[in-house]
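Visitor: Before I ask anything, here is the structure I am working with.
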Amino acid sequence: MIYIDVSPAVHSRAGLGRYAEKLAVEVSKKRGVGLFHNTDHDARMPEGLKFLPAKRIQAGYKPWRMAVLLAQASPWRPFTINKKLSGGNIFHATEHLLAPVTSMPTVITIHDIIPHLFPEYHTKLNYNYLKVAMPLYCRRANAIITVSEASKLDLVEHYKIPAEKITVIPEAAADHFFVPDPADIDRVKAKYRLPASYLLHIGTIEPRKNLNRLVDALIKLRSDHPDLKLVLAGSKGWLVDSFFDRLKAENLENIVVSPGWVEDEDLPGLIAGARLGVQPSLYEGFGLPLLEHMACGQVVASSNRSSLPEVGGDAAAYFDPEDVDEMVSIISRLLYAPDEMAKRRDLGLKQAAKFSWERAAAETIDLYDEVRERWVSGG
């Protein structure tokens, strides 16, 4: 049995949660899968995973993180979860935490090394933990999956991980991202009281997302598009107080709308109802919202950093995320160019179709088999 740690899905941690859930479901169609997760009073197993057997550790998130670090850092391995995972032949950690397992080979997915690259965008406690933990977990794992070539290069350069230990397996948009009909768009706009004309950003609100510059761009764009507003769909992350303080201080809350977490069933209507999707992030390990926008028939103006050009291909229109004027120029050009928008919309649908969870699961299973074979042979 393959054990997959779905803790990020159980704790609803945005993109990491989607990754864990979709991968577990698709792998289970081909192999026997058992779930593992840390649980506390906030834990909730997604409906899509309830049909699979699950093993749990009863611990709060922070105590469990510290216990795992101490166990992995010790050469004597003071405790493991081997007995909890009886009957398993491989263990896959889907977030940046590798539970102590010694009875079977382990695989860890490292989505990015953002804390290393942008320490100023993390709390001091979280940064100090990950600074020690992530390189350690990479060394302890028998194999590493990452979701883009950009993230692989970062692991090789900054953590000195041998390239041959890392396999790139991209993510994909979930099945519920599709081109909605006009009635669904109208329903979603009414439900969330969305403005008639809006740019859309999807993702956790945090400094790395570069939203202050996006707001600067919006202010400039409104000189020609006075009805244009910005919708920020996603939960609040860390270090965001100054951003929301700015919106209040500058009386921008009427043009920057934050509906918070949006239900999965409403996302296609939210995306398709926008004038344009905008992803100005300074760094993304993968950039899943680009695929989600394109799968819904929406065009995206995107940062040209890190993995985003890998994901967006020829469909997205790119800008330097630190150049507000260039951001304004690209967005304004698209708003006035229906022919270009139509072309990019078609390219986006084709680009999104290149990525699938079925393919991701098949490539992940191939890696499991390779790692298991090496383990059995002592290699």
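The values are calculated or read from the model by the stated rules, or taken from the named source; none is laboratory data. Bear in mind that the values here come from a model prediction, so they are computed numbers and not experimental data. Cβ: placed from backbone, ideal geometry, glycine included. Neighbour counts: every protein chain shown. We work out accessible area using only protein heavy atoms, side chains counted, and drop any ligands, DNA or RNA first. Shrake-Rupley method; radii C 1.70, N 1.55, O 1.52, S 1.80 Å.
Visitor: Using modelled amide H (1.01 Å from N, peptide plane; none on Pro or chain starts), what sits under 5 Å from the amide H of SER303, excluding residues fewer than 5 places away?
Guide: Counting only residues 5 or more places away or on other chains, the set is GLN279, SER281, PHE319.
Visitor: Still on this model: Taking all protein chains in place and a 1.4 Å probe, what share, in percent, of the accessible surface of the chain do carbon and sulfur account for?
Guide: 52 percent
Visitor: Indicate the gyration tensor shape class of segment 239-291 (rounded, prolate or oblate), computed on the Cα atoms with a ≥ b ≥ c the square roots of the eigenvalues: a/c under 1.5 is rounded; otherwise a/b larger than b/c is prolate and the rest oblate.
Guide: oblate
Visitor: Residues with amide H under 5 Å of LYS55's amide H, sequence separation 5 or more or different chain, H placed in the peptide plane at 1.01 Å from N; which?
Guide: LEU35, PHE36, HIS37
Visitor: Right, something else. I'm spelling it out carefully: the read-out is Cα extents along the principal axes in Å, the candidates are (i) 65, 40, 39; (ii) 84, 52, 44; (iii) 64, 52, 38, and one was derived from this structure. Which label?
Guide: Computed from these coordinates, Cα extents along the principal axes in Å corresponds to label (i).
Visitor: Heads up, I need the accessible area for MET1: 1.4 angstrom probe, whole protein in place, Å², nearest 10.
Guide: 80 Å²
Visitor: Suppose every Lys and Arg Cβ carries +1 and every Asp and Glu Cβ carries -1, with no other charges. What dipole size does the chain come out with about its Cα centre, to the nearest 20 debye?
Guide: Result for the chain is approximately 1360 debye, rounded to the nearest 20.
Visitor: Probe of 1.4 angstrom, ligands and nucleic acids ignored: what's the accessible area per residue over segment 299-369, in square angstrom?
Guide: Per-residue value: 45 Å².
Visitor: Separation between the SER258 and SER86 pseudo-spin-labels, each 7 Å from Cα along Cα→Cβ, expressed in nm?
Guide: 4.9 nm
Visitor: If I take every Cα pair under 8 Å that is 6 or more residues apart in segment 1-143, average their sequence separation and divide by the length, what percent do I get for the relative contact order?
Guide: Result for segment 1-143 is 22 percent.
Visitor: Can you give me the long-range amide H partners of VAL262? Hydrogens built in the peptide plane at 1.01 Å from N, cutoff under 5 Å, separation of 5 or more residues or another chain.
Guide: The list, which skips near neighbours in sequence, is GLY234.
Visitor: Moving on to the next point. Between GLU47 and ALA190, with labels modelled 7 Å along Cα→Cβ, what's the label distance in nm to one decimal, could you check?
Guide: Using points 7 Å along Cα→Cβ, the separation is 2.2 nm.
Visitor: Something else now. Using a simple spin-label model with points 7 Å from Cα along the Cα→Cβ vector, what separation in nm is obtained for THR102 and ASP224?
Guide: In this crude spin-label approximation the distance works out to 6.4 nm.
Visitor: Quick one: if the Förster radius is 35 Å, what FRET efficiency do GLU358 and ALA249 give, using the C-beta to C-beta distance and rounding to 0.05?
Guide: Once the sixth-power term is evaluated, E becomes 0.15.
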